[in-house]
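First comes the structure, then the notes that go with it.
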Amino acid sequence: MTVNETGATEGFSNNPSCNHDLSSWEHTMEKMYTYFYLLLFVPGLFLNTTALWVLCKHFSKKTKAVIFMINLALADLVHVLSLPLRIYYYFTHSWPFGKGICLLCFYLKYLNMYAAIVFLVCISVQRYGFLLKPFTARRWRRRYDLLISVVVWVFVAAACSPFILMRSSGSGNAINGSCFKDLPMRKISVPLAVSMISMCELFGFLIPFVCISYCSIRIACQGDKSHEKPANSGEKRRALRMVLSCSGLFLLCFAPYHINFMLYLMVSQRFIEHCATTLTVKQFHPISLCLASMSCCLNPLLYYFLNAEFRMHLRRTSSFSNSFLSSPSSPRDCQTQAK
């Protein structure tokens, strides 16, 4: 069994029960990738660079989850910076940048996706933990968040390595001029494929989903207590909005990919042979990948709409920039500067 970025399976066309020609869909898919990544690049670059600048320069060191927000923005920015090469490939159908750059860009997509998932979990769990145990929040140190972030990056980087190891088996001639969805893939046994995908689904989707859902439910239950002080009630509402937003973003961007990936495995192993189902699963896979990439633009909006301190610093910066650019220097100022 071999899997590529579009969800195609070698030997799929040999299925006698499903002889549809998907060449027109392949062409449509390449156009979809090109235009979708073009739409993501400019806002993604602006939003994530702005978010990183505000978070690093203006935020208090004691702000809740700021370290995790910085790492989330960094993961998104790295993926955004690789989009021009993807756009170039899908637009020109050629890859002159070499095998190493191709595998790196391919790897960064999955590194971004799973790093974003884990840091969304970290933000949700920390908001939940600090809300229910305020004394723990007071004793918490910034270096703990830094240590957790390092562990997350090391773990995710190692966990995503099979994505490039399984793509690096082709010879130079085999991948010359090809990249991403057209990369050759190492053939592996069915038990190994099932084990790898099961681990991916478990640690990349199910466990994070359970963690975020649990935090949402517990915060919502705590918010129903009527004897809380107004200040505590407001803090719980803010925490609940943050965790629910993480849940919504997680479900919108990452659930479709992982759900379709499970169905795709069943299709590729002929557990599902119904032709319409097989075609639907295969055609939906690139759409699910685009939804996963969309998180790089939605995450910065999470900081803006759910964090008052972020909005305050961003508005101050915008007001200062506008006043500086719109106010011309007076003649007296020019004479003073000349002296």
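Bear in mind these aren't lab numbers, they're just calculated from the coordinates by the rules spelled out. None of these values were measured; they are calculated from a predicted model. Neighbour counts are summed over all protein chains in view; Cβ atoms, including those assigned to glycine, are modelled from backbone coordinates with ideal geometry.
Summary of values
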item: Label-point separation in nm, MET199 to ALA255, each point 7 Å along Cα→Cβ; result: 2.7 nm
item: Simple spin-label estimate for SER213 and HIS274 in nanometres, 7 Å along Cα-Cβ; result: 2.4 nm
item: Inter-probe distance in nm under a simple model that places probes 7 Å from Cα toward Cβ, at VAL42 and CYS221; result: 4.8 nm
item: Neighbour-count ranking [beta-carbon atoms within 10 angstrom, fewest first] of HIS285, HIS93, HIS258; result: HIS93, HIS258, HIS285
item: Sorted by Cβ neighbour density within 10 Å, fewest at the top, the residues VAL151, VAL125; result: VAL151, VAL125
item: Sites TRP53 and VAL78, calculated FRET efficiency, Cβ-Cβ separation with R0 22 Å, nearest 0.05; result: 0.90
item: Residue among ALA65, LEU52, TYR88 farthest towards the positive dipole end of the stretch 30-117, charges placed on Cβ; result: ALA65
item: For CYS179, CYS275, order by how many other beta-carbon atoms lie within 10 Å, fewest first; result: CYS275, CYS179
